[in-house]
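Asks: Structure in C-alpha cells, see below.
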Amino acid sequence: MRSKIYSLILLSLFVITSCDDDDTTVTPTDVITIDGKEYKTVTIGGLTWTAANHNGEGGLAYDAANSKPEYGKYYTFDEVKAITLPDGWRIPTMDDYKALAAAKDVVIPSSGAHTEGIKTITSVTRWRNVAGNNASGFNAYPAGYSFNNSSPMDGDIAEFWTIEKNTLSIQEGTNQNTLRIMFYSGNADPAYRFNVRFVKD
C-alpha cells in the first residue's frame, strides 16, 4: 500500500476509431537506440511504443544484482525528463495511454470490467494472480515502484510516468482475478520512482 493518498483522476475517454490493420503489431520488430541501448518497438492504435521499460543511465535497478532485468529501472520524474530521446520520440501523455487502452477496447479508469483487454498489454509472467497474454506486444511487467529508494514491491502493479507528472497504473484487483487500469496524480515527489516507456506518432 502506498504511504501517500493519491487522488484518482477520472477522465472521460473519447471514442477513438482505428482500422483493423493498424490496431496492433503483435511482434515487436523495429528497434530504436536510447542512451546507447537498443529497444524493440511495437505499434498499437496508431502510436509506436518502446516495448520494454527504459534501462538506461541513472535510475534504480530492482536490486543490487539486477535480478529482474526485464523490469528496467525506476526513475524520478526529473531523471525521466533528462533522458535524451531520438527525434520524434517523447514521454507519453495521458492521452497517449488512453489511445493505447482504447485500441484494446479498454476505458480508463477501469475497475476490472475490461480485464481481457488489459491482459493484452500485460506480460505473461511475473504477475502474482492474473497473468497477461501480451497479445499487443506492449508487455507491461508488474515491476511495482520505489519509494525513498526502497526495494520495489512487485508482482501486482505496473506503473509508468506520463509527461503530466501523473502515472498510468495497471493493478491486480483486490479479488485477485481481475486487472484494473487508472491514472494517479501527485507523483512528482522525488521520493517516488516509476518505470517509463516512450512513444512517437
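Please treat every number below as a calculation from the coordinates, not as lab data. Source: prediction; values computed, not measured. Heads up, the Cβs are rebuilt from the backbone with ideal geometry, glycines too, and the neighbour counts pull from every protein chain shown.
Asks: Hey, in the GNM for the chain with a 10 angstrom Cα cutoff, which one of 48, 115, 33 fluctuates hardest?
Replies: The residue with the greatest mean-square fluctuation here is 33.
Asks: If you don't mind, another one. Of 104/200; 37/73; 119/165; 40/200; 68/104, which sit over 21 Å apart, Cα to Cα?
Replies: Checking Cα-Cα distances, 119/165; 68/104 exceed 21 Å.
Asks: Measure off 7 Å from each Cα along the Cα-to-Cβ vector at residue 174 and residue 82, then give the distance between these two points in nanometres to one decimal.
Replies: For the pair residue 174/residue 82, the computed spacing is 3.9 nm.
Asks: Would you mind working out the magnitude of the charge dipole of segment 28-200 relative to its Cα centre, with +1 at each Lys and Arg C-beta and -1 at each Asp and Glu C-beta, to the nearest 20 Debye?
Replies: 200 debye
Asks: Looking at the chain from every direction and averaging, what is the projected area of its Cα convex hull in nm²?
Replies: The directionally averaged projection comes out at 10.4 nm².
Asks: Under 10 Å, Cα contacts only: if you run a Gaussian network model on the chain, which one of 52, 135, 82 comes out with the highest mean-square fluctuation?
Replies: So, out of 52, 135, 82, the one fluctuating most is 82.
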